[in-house]
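Notes follow the structure.
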Amino acid sequence: MLLSRFFAVREEDETFVALLRAAMTSRIAADTRRAVFAKQVADKLITATPDHPQQRIGLIGAFIIGLATTRYVLANPPVANISRDELSRWAAPVIRQLLVGPAPS
């Protein structure tokens, strides 16, 4: 659900892609992107983590931003050309593991 909603909103808002591109070279844009993630995603997910909330949420953020960069900025066909639903089905197990799976020892 997280990814489907995330990508649906992002595909309707061109500001996100512009911010994503700018964050690669601008400290201000990167700080803004982190703040948006913290406010819109991290605050909602942190209550679901069983332990290590900072690491779990940080890794989820890295994974989602990596997917978004690959899909929207690099436009890598295997990721850019699949539907949001299919992308969500592929990525859901990774998100689930990062959010609530066993932490490494």
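Details
- The residue pairs whose first member lies in the stretch 85-105 and is over 15 Å from residue 67 (Cα atoms), whose second member is acidic (Asp, Glu), and whose beta carbons are closer than 7 Å, counting only pairs six or more residues apart or on different chains, are 103/51.
- Any hit, the stretch 25-42, residues being free of Cβ contacts under 8 Å to residues at least 40 places away in the same chain and in contact with a Pro (Cβ under 8 Å, 6 or more places away or on another chain): no
- Applying the criterion of being of a type in the set (Lys, Arg) and loosely packed, with under 14 Cβ neighbours inside 10 Å to the residues of the stretch 7-61, the residue that is modelled with the highest pLDDT is 27.
The values are calculated or read from the model by the stated rules, or taken from the named source; none is laboratory data. For clarity, every value in this text was computed on a predicted model and none was experimentally measured. When we count neighbours, we look across all protein chains shown, and the Cβ atoms used for this are built from the backbone with ideal geometry, even at glycine.
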